[in-house]
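> Questions regarding the structure given below will be posed in turn.
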Amino acid sequence: MIAIIDYGMGNVASVQTAFENLGYQVVLTDDHATLRKSSHIILPGVGSFQAAMIEIESRNLKKILIELAETKPFLGICLGMQLLFTEGTEGGLTKGLNLIPGSVDRIDTAHILPHIGWNQLQVTDLVPSFQAFNDEFVYFVHTFAAKTAKEYIVATTDYGGEVTAIVRKGNVFGIQFHPEKSATIGGEIMKTFLEEVKK
Amino acid sequence: MIAKRIIPCLDVKDGKVVKGTNFVGLRELGDPVEMAKTYSEAGADEIVFLDISATHEARDTIVDIVKETARNVHVPFTVGGGVRSIEDMTRLLQAGADKVGINSAAVTDPQLITAGATRFGSQCIVVAIDAKKVADRWHVMTHGGRKDTGIDAVEWAQEAEQRGAGEILLTSVDTDGVKNGFDLSLTRAIVEVIRIPVIASGGVGHPDHFAEVFDATNVSAGLAASIFHENTYTIKAVKAACKAKGVNVREA
C-alpha cells in the first residue's frame, strides 16, 4: 500500500489516481501507524516551502518522514520534492527535511516566472532506467527550484539556465514537475520510480 | 526549451459541452469529460472548461464534471465561469481542478485575486480578461463581452499580475468568432508589459493562426474552441502547422 502524506498542501486526487492506475492500493494519511505499514511514501504538495514545513511540523510529521525515508521508497513531487532538501528561501529561510543536501531558491532565469508549461528533460547517466525519458516533455509549474550536487541529479530541464527536474539519493526520489499531469509519459515516469526502488 | 501550449476550450452548460457562448441557438456537442479525455489524448497541452450555466444546480454539476475529469484526464485543466468567491475556488480546486479562472468577479473585487493567490498559490489563479478596442486603447469588458467597464485592459493586466495572478487568459472581443486570427496588437500590448504567462484567445479559424501569434508575440499559449469542436482541424494539425513555422510544440 502506497501512502500519500496528507498535510493540507494542495490537491492530491490526481496523484492518487495515477498510482491506482498503476495497480497499487493508495491511502491518503498522516497517521503514524498507517505510514509505518505502508510500502512507499509519497510527499506531494503545492504552495510555499515555509507554509509546507510549518504544516509538517504542526502535524508532527517531520521526525517520522525522516525516519521513513531511511528504509522505505520515498518520492517527493513538486513542492514535496523541494522539501527533501536542506533549506528553502520561499517565504523566508526555512529548514527542510534535509534528506538530500541542497537548497531551494527562486529560479535564476531571464524568462518569465512561474515556469509554467511543458518542458523537455535532459537525463543524466545517474539512473539508466530514466534515460528513456530524455527529450520528453513533462508539465512544470514552479517558481523555486533545487540546487544540489551533480551526484544526485537524474534529470534537468532548460529554462534560460539548468533547472533541476528529477533527483535521487538512495531510495529517496524527487520530481519537480507534475508526473500526474504529464500525460502518458508522466505515468511511465511514476512506473519507472516504482520499478527502480524494487531493485 | 519550453513548448508553446495549445489549449482547447469547452463551454459547458448544464453538464453538456455546447457550441459557442452565444446564448442564441446553443447546440449540444457532447459529454465534457469524454471530450476533455479525447483532446488530452490527441495532444492538447491543457484543457479549459468555461461554465456558462446560470443556475445553482448547475454549479454542482460542474463540480461533478471536475471530479470525473481529475480521475480521467492526465493533463492540467482550468475551470472558469461564475467563480465569484474563495468558496467557489475552494470547491473547484478541491474537486481536482488545477487552476480556476476569474473574470467579472475580479473586476468587481480585485481583492479576490490577492486572496486566491495567497490561499492557493499564484499558479492556481488565472485572471481572464475580455478586451475590446476603444479609440487607441483597449477596455476591459464584462458580462460575456457586452458591458464596457471603461477600465484600461493593459493596466488591468498589470494590476492582476501585481495582485498575484499566475496567468492571464486574454480574449479579444473584437476578433472572437471572426475566425481571421488572434488579435496580434492586443496580445503584444499585454505580453510586453507583464512577466507572467499569457494565453491568447479569440479569432482562430485556421491552424496557421496559432503559428502566427507565436511568431508575432511572446505569448505562452493559444486557446480555441470551435475549430476543434467542429472537427475542422485537429490538435495534431495545429501542432504540425506550428512546427512547420519553427514554433516549439510538444508532440504527443
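Read the figures in this text as sums done on the coordinates, not as results from a lab. Just so we're clear, the structure is a prediction, and the values are computed from it rather than from any experiment. Here Cβ is always computed from backbone atoms with ideal geometry, including for glycine, and neighbour counts include all displayed protein chains.
> Considering Cα pairs under 8 angstrom that are at least six residues apart, work out the relative contact order of chain A and quote it in whole percent.
Contact order relative to length: 18 percent.
> Add -39500 (n - 2.57) for each DSSP H run of 4 or more in chain A, then divide by its residues: what number comes out at 222 nm, to the nearest 500 deg cm²/dmol?
That calculation yields -7500 deg cm²/dmol at 222 nm.
> For the protein assembly as shown, what proportion of DSSP beta bridges, expressed in % and rounded to the nearest 5, is antiparallel?
About 45 percent, rounded to the nearest 5.
> Which residue, A:Gln25, B:Ala189, A:Thr164, has the largest displacement toward the positive end of the dipole of the protein assembly as shown when charges sit on each Cβ (Lys, Arg +1; Asp, Glu -1)?
The listed residue farthest towards the positive side: A:Gln25.
> Calculate how many DSSP beta bridges within the range A:2-196 are antiparallel, expressed in % of all such bridges and rounded to the nearest 5.
That works out to approximately 60 percent antiparallel.
> Past the 25 Å Cα-Cα mark, which pairs from A:Lys37/A:Lys95; B:Lys13/B:Lys147; B:Lys4/B:Lys179?
Pairs exceeding 25 Å: A:Lys37/A:Lys95.
> Indicate the gyration tensor shape class of the range A:52-133 (rounded, prolate or oblate), computed on the Cα atoms with a ≥ b ≥ c the square roots of the eigenvalues: a/c under 1.5 is rounded; otherwise a/b larger than b/c is prolate and the rest oblate.
It is oblate, given that a/c is not under 1.5 and a/b is not larger than b/c.
> Suppose every K and R has +1 on its Cβ and every D and E has -1 on its Cβ; what is the size of the dipole of the range A:2-196 about the Cα centre, in Debye to the nearest 20?
So the magnitude is around 400 debye.
> Let me know the charge dipole size of the range B:1-158 about its Cα centre in debye, to the nearest 20, where only the beta-carbon of Lys, Arg (+1) and Asp, Glu (-1) is charged.
Its charge dipole is roughly 220 debye.
> Same structure again: Classify the range A:84-183: rounded, prolate or oblate, from the alpha-carbon gyration tensor (a ≥ b ≥ c, eigenvalue square roots; a/c under 1.5 rounded; otherwise prolate if a/b is larger than b/c)?
Since a/c reaches 1.5 but b/c is at least a/b, the shape of the range A:84-183 is classed as oblate.
> Among rounded, prolate and oblate, which fits chain B when a ≥ b ≥ c are the square roots of the eigenvalues of its C-alpha gyration tensor, a/c under 1.5 means rounded, and a/b larger than b/c means prolate?
It comes out rounded by the Cα gyration axes.
> Can you tell me which of A:His32, A:His40, A:His142 moves the most in a GNM of chain A? Springs connect C-alpha atoms under 10 Å apart.
A:His32
> Any chance you could list the semi-axes, whole Å, largest first, of the equivalent ellipsoid that the Cα gyration tensor gives for the protein assembly as shown, using √(5λ)?
Value: 36, 22, 22 Å, ordered largest first.
> Counting helices only, and only those DSSP H runs with n ≥ 4, report the 222 nm mean residue ellipticity of chain B as the sum of -39,500 (n - 2.57) divided by its residues, in deg cm²/dmol to the nearest 500.
Only helices count here, giving -10500 deg cm²/dmol.
> Say each of A:Leu126 and B:Asp136 gets a label point 7 Å from the Cα, pointing the same way as Cα to Cβ; how far apart are those two points in nm?
5.5 nm
> Using a Gaussian network model of chain B whose springs link C-alpha atoms within less than 10 Å, name the residue from B:Leu169, B:Leu186, B:Leu29 with the highest mean-square fluctuation.
Comparing B:Leu169, B:Leu186, B:Leu29 in the GNM, the peak value goes to B:Leu29.
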